[in-house]
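So the structure is just underneath, and the comments pick up after that.
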Amino acid sequence: MSTPPVPDDEPHGGTPPGGEHGPVRWGGLVRVLSAIRRVVNAVLATLCIILFVWLVVVVAWQVFTRQVLHNSAPWTSEAATYSLVLLAIMAIAYVYSERGHIAVEMFVQKLPERGQTIMGLVIELIVIFFTVFVFIIGGARVAESTWHQKMAILPFSVGEVYVVLPLAGVLIVFYSIAHIIGILSGAEKAMPEFDENAEAI
């Protein structure tokens, strides 16, 4: 008995672009989005690691100068505060790319598959709406209004720091659109998969 040929829109290895989530439509688009997401995720992860290390160094130096030298470095408090802001906002975008956000799935998982798909799409649309108005529009206004507000010690303005808000918003909207395409194409499940190890942590 002969083996049926592999369809043109599926890789010759037999695994669809979305992995093990079943048949995938728009295979080329899904592969392009996946490649872009991998690059953006790598950049975000690198920036988060650098900021985290910098934050640890700043706080450690602040404690050392205060407790050992009895003369706390004046720039460390401001640097630690704004570094934490940058780290938190970029981490939000990175976590959302992995669909690691807080989700209450108990009721949604009781719905039939079509209902879960609809709910997954509705949730992504709500995220896009919220992100556009709060992160992108609101963040841009905050950055603009504080652009000339100089920091007390650091050679930056407050607006230059808060410009990360609309940038993170653009990334979150991109990830949401990628999730929507993934759900509609069959490359992603409508709801994030449950990870027992992540829950335990």
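Listing for the model above:
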quantity	calculated
Lone unmet requirement of (1) touching a residue at least 60 places away in the same chain (Cβ under 8 Å); (2) farther than 16 Å from Ser97 by Cα for Ile137	(1)
Failed item, numbered, when Gly186 is tested on (1) small (Gly, Ala, Ser); (2) on the phi < 0 side of the Ramachandran plot; (3) open to solvent by less than 60 Å² (accessible area, probe 1.4 Å)	(2)
All positions within the range 106-119 that are without any contact (Cβ under 8 Å) to a residue 60 or more places away in the chain and open to solvent by less than 60 Å² (accessible area, probe 1.4 Å)	Gly115
Condition check for Gly115: in contact with a Phe, Trp or Tyr (Cβ under 7 Å, 6 or more places away or on another chain) and either modelled with pLDDT of 85 or more or of a type outside the set (Val, Ile, Thr) (or both)	no
Residue count for the range 48-63, restricted to those that are closer than 21 Å to Val163 by Cα and surrounded by fewer than 16 Cβ atoms within 10 Å (Cβ to Cβ)	4
Matching residues, the range 120-165, being open to solvent by less than 30 Å² (accessible area, probe 1.4 Å) and either assigned to a loop (DSSP other than H, G, I, E, B) or in contact with a strand residue (DSSP E or B) (Cβ under 6 Å, 6 or more places away or on another chain) (or both)	Thr146, Met151, Ser157
Yes/no for Leu29 being closer than 15 Å to Met90 by Cα and either modelled with pLDDT under 95 or open to solvent by less than 30 Å² (accessible area, probe 1.4 Å) (or both)	no
Test: residue in the range 64-83 that is under 30 Å from His179 (Cα atoms), crowded, with 16+ Cβ neighbours inside 10 Å and among the aliphatic types (A, V, I, L, M)	no
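The values are calculated or read from the model by the stated rules, or taken from the named source; none is laboratory data. Computed from a prediction, not measured in an experiment: that's the story for all the values here. As a convention, Cβ positions derive from the backbone with ideal geometry for all residues, glycine included, and neighbour counts pool all protein chains shown. Please note that ligands, DNA and RNA were not included when accessible areas were found on the heavy atoms of the full protein model with its side chains. Shrake-Rupley method; radii C 1.70, N 1.55, O 1.52, S 1.80 Å.
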